[in-house]
Amino acid sequence: MILYHVTHRKAAESIQKNGFKDSSGYYGLSTTQRGVFFSDKLLDGNDVPLRQDEELDSFFKVDIDEKIINSYEWVHDYTAFREWCIPSEIINKHFMNRTIYDWYDDKNHTNENSRYRTLTPAKLKEISKKSKHQAKYLKIVDK
């Protein structure tokens, strides 16, 4: 399975040289999470939290067996992509191709990589009850 990790150029150069390093935080959850974020689609600035001085312009592709990463997947009802928070120790063992890809030059990225999934008002209400953090990323449709 091909996974994508998007970042800015300076970080990409460090990752290329030294490998991935774990980050940690709550990320809208009640417990601290630790690892490196990956997705099954190439994401953009709407999908990844950024500081104001950052621009997503680079990404990596990592080919890894899905069985290895199953337990690290974050399952969401509200995104059109799959997401994992994988420990760097695991991902670095499979980080063979250290090519830095340019986000703007890559012909594979499309607008289909939106974080938004169209939901009915009933589904939105159900998800909103679970998490106010999740609700801000949802779009309502009239169905």
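The values are calculated or read from the model by the stated rules, or taken from the named source; none is laboratory data. Predicted model only: the values in this text are computed from it and were never measured. Here Cβ is always computed from backbone atoms with ideal geometry, including for glycine, and neighbour counts include all displayed protein chains.
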request  = Pull up region 64-79, narrow it to residues that are surrounded by 10 or more Cβ atoms within 10 Å (Cβ to Cβ) and of a type in the set (Asp, Glu), then point me to the one that is nearest to GLN33 (Cα to Cα).
outcome  = GLU73
remark   = Subset of region 52-80, residues aromatic (Phe, Trp, Tyr), at pLDDT 85 or above and out of contact with any Asp or Glu (no Cβ under 6 Å at 6 or more places or on another chain), comes to PHE59, PHE60, TYR72
message = Out of the residues in region 1-51 meeting the condition of being of a type in the set (A, V, I, L, M), at pLDDT below 90 and surrounded by fewer than 15 Cβ atoms within 10 Å (Cβ to Cβ), tell me which one is nearest to TYR72 (Cα to Cα).
response = LEU29
remark   = Result of the Cβ filter at 6 Å on region 55-77, keeping first residues that are more than 16 Å from LYS41 (Cβ to Cβ) and partners that are aromatic (Phe, Trp, Tyr) and surrounded by 13 or more Cβ atoms within 10 Å (Cβ to Cβ), at least 6 apart or interchain, is ASP57/TRP103; TYR72/TRP84
